[in-house]
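Reviewing the structure listed below.
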Amino acid sequence: MDSGPKALELLKDEHIDIIVTDMRMPMMSGAELLKEVRKLYPHINRIILSGHADQEILIKSTQVAHQYIAKPIDSKKFIHILERAADFIGTLTNRGMISLVSKVESMPSPPENVQQVLNIINDETSSIKDVSEVVSKDMGMTSNLLKIVNSAFFGIPRRIAEAKDAIAFLGLDILKALVLSDHLFAVFDFKKLKGFSCSMLWEHCLQSAFIAKTLIKTHSEDQKEIDNTFIAGMLHDVGKLVLGYTLTEEFEKIIQISQAENRAIYKVEMERLGFTHAEVGTYFIGLWGMSQQLIEAIRFHHSPQSALETGDKVVIAILLADYFEHQFNVIHPDYDQPHIDMGLLDDLGLLDYFKNCQKIAEDYFTQNKEG
Ligand SMILES: [Fe+2]
Ligand SMILES: [Fe+2]
């Protein structure tokens with residue numbers, strides 16, 4: 001299509017899943033076009049492909065697009081991005097989920113400072129120095145970041161006092177996950193939501209992230225994979241926040257039932273909604289252009305069979321980290337523990353792997369309790 005109005009005309013008659021647009025176009029800008037698409041067809045995955053990297057345009061684009069891709073990009077990489085987007089759409093097959101999409105879209109978008117940081121991290125040409133400059137300008141973000149990096153979780157012997165050292169230590173991908181999850185946990189003001197503790201969820205996510213990282217480190221030396229595992233751990237339950245925000249009353253009811261009957265939240269969600277926070281989280285995370293591996297890890301964290309069958313170390317690490325976190329960090333003794341079928345592990349040749357991971361997780365918890 002050579003213009004926005006023509007694209008809108010086509011959308012009236014054709015079923016389209018993904019739209020890719022430039023920013024500067026005659027008649028209608030890319031942002032205007034996507035705004036219209038978001039309103040009329042919220043299910044369509046919106047991608048901006050543009051060579052204009054000025055801050056204002058970047059900020060505008062994150063408000064209307066799921067992903068921003070900087071030009072030039074080689075065709076192989078571009079096809080890969082489209083395949084990922086197509087797979088992401090595959091998660092939205094449930095009718096209830098589709099109706100939730102428009103509600104998710106109306107959630108407050110990250111404030112400008114968060115968007116700026118996310119944009120600069122997403123820009124592959126950015127260095128740690130570039131990112132540090134942007135983060136350092138934001139006192140609130142810097143102090144949160146230092147608080148996290150200096151927390152007992154990271155076990156750093158000396159105190160980190162500057163944003164640039166914290167970022168160099170964490171790496172850009174983990175920074176992205178922390179900025180994003182910090183923002184999400186701050187946005188969802190759940191003081192009113194009965195029976196739900198945001199701080200307990202944050203603890204569970206952080207613990208799961210560390211266990212998952214410990215597990216993957218014993219089986220992989222690929223830093224990207226290790227970082228992805230940590231990020232997936234941090235974000236694996238983000239769907240609960242989204243559900244609490246978009247379907248507040250229903251989610252409150254789900255928590256009540258789960259507590260009264262000692263059943264896992266995801267089971268009650270499935271029964272009442274027909275989908276779970278895992279799918280909602282997948283959709284939400286997909287909006288941020290996260291990797292396929294990360295998306296699958298979140299999508300399958302309550303589906304042992306699907307997770308194990310991927311054979312992907314990161315996906316399996318998240319499944320197991322969540323499982324062991326519940327097993328070794330018991331908050332309610334009667335709580336419905338997640339279940340992994342030992343027979344299935346055996347069939348897939350993963351029983352020894354599982355036992356090995358269980359030992360690592362147990363050691364992790366023993367050490368942390370002693371510390
Ligand atoms: Fe979960
Ligand atoms: Fe979890």
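The values are calculated or read from the model by the stated rules, or taken from the named source; none is laboratory data. Just so it is clear, the model here is predicted, and its values are computed rather than measured. Using ideal geometry, Cβ is built from the backbone for each residue, glycine included, and neighbour counts are taken over all protein chains shown. To get the accessible areas, we keep the full protein, side chains included, count just its heavy atoms, and leave off ligands, DNA and RNA. Shrake-Rupley method; radii C 1.70, N 1.55, O 1.52, S 1.80 Å.
Values computed for the structure shown
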quantity	calculated
Condition check for Leu193: open to solvent by less than 40 Å² (accessible area, probe 1.4 Å), in contact (Cβ under 8 Å) with a residue 60 or more places away in the chain and either of a type in the set (S, T, N, Q) or more than 16 Å from ligand 1 (Cβ to nearest atom) (or both)	yes
Any hit, segment 308-317, residues being touching a residue at least 12 places away in the same chain (Cβ under 8 Å), surrounded by 19 or more Cβ atoms within 10 Å (Cβ to Cβ) and closer than 24 Å to Ala186 by Cβ	no
Helices (runs of 4 or more DSSP H) contained entirely in segment 282-347, each with at least 1 residues that are within 16 Å of ligand 2 (Cβ to nearest atom), at pLDDT 85 or above and more than 15 Å from the chain's Cα centre (by Cα)	304-310, 313-328
Residue within segment 30-41 that is of a type outside the set (A, V, I, L, M, F, W, C), assigned to a loop (DSSP other than H, G, I, E, B), touching a residue at least 60 places away in the same chain (Cβ under 8 Å) and open to solvent by less than 60 Å² (accessible area, probe 1.4 Å) present	no
Residue tally, condition under 17 Å from Arg38 (Cβ atoms) and open to solvent by less than 60 Å² (accessible area, probe 1.4 Å), over segment 1-16	6
Residue satisfying all of: in segment 256-269; assigned to a helix (DSSP H, G or I) and within 15 Å of ligand 2 (Cβ to nearest atom); most open to solvent (accessible area, probe 1.4 Å) among these	Lys267
Test for Lys253: is it within 13 Å of ligand 1 (Cβ to nearest atom), open to solvent by 40 Å² or more (accessible area, probe 1.4 Å) and assigned to a helix (DSSP H, G or I)	no
Filtered residues of segment 177-189 (kept if open to solvent by 20 Å² or more (accessible area, probe 1.4 Å) and of a type in the set (Phe, Trp, Tyr))	Phe185
All positions within segment 207-241 that are within 15 Å of ligand 1 (Cβ to nearest atom) and either over 13 Å from the mean Cα position of the chain (by Cα) or open to solvent by 10 Å² or more (accessible area, probe 1.4 Å) (or both)	Gln207, Ser208, Ile211, Ala212, Lys240
Test result for Glu279, open to solvent by 10 Å² or more (accessible area, probe 1.4 Å), closer than 22 Å to Lys313 by Cα, away from ligand 2 (no atom under 13 Å from the Cβ) and in a helix (DSSP H, G or I)	yes
Among residues of segment 157-185, those that are over 22 Å from Ile265 (Cα atoms) and assigned to a helix (DSSP H, G or I), counted	19
Set Gly239, Gly233, Gly244: member being in contact with a Phe, Trp or Tyr (Cβ under 6 Å, 6 or more places away or on another chain), assigned by TED's automatic domain parsing to the domain that holds Gln358 and either small (Gly, Ala, Ser) or not in a helix (DSSP H, G or I) (or both)	Gly244
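Okay, residues lined up against (1) open to solvent by 30 Å² or more (accessible area, probe 1.4 Å); (2) of a type in the set (A, V, I, L, M, F, W, C); (3) in the same structural domain as Ile73 (by TED's automatic domain parsing):
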residue	(1), (2), (3)
Val131	no, yes, no
Val135	no, yes, no
Gly140	yes, no, no
Ile156	yes, yes, no
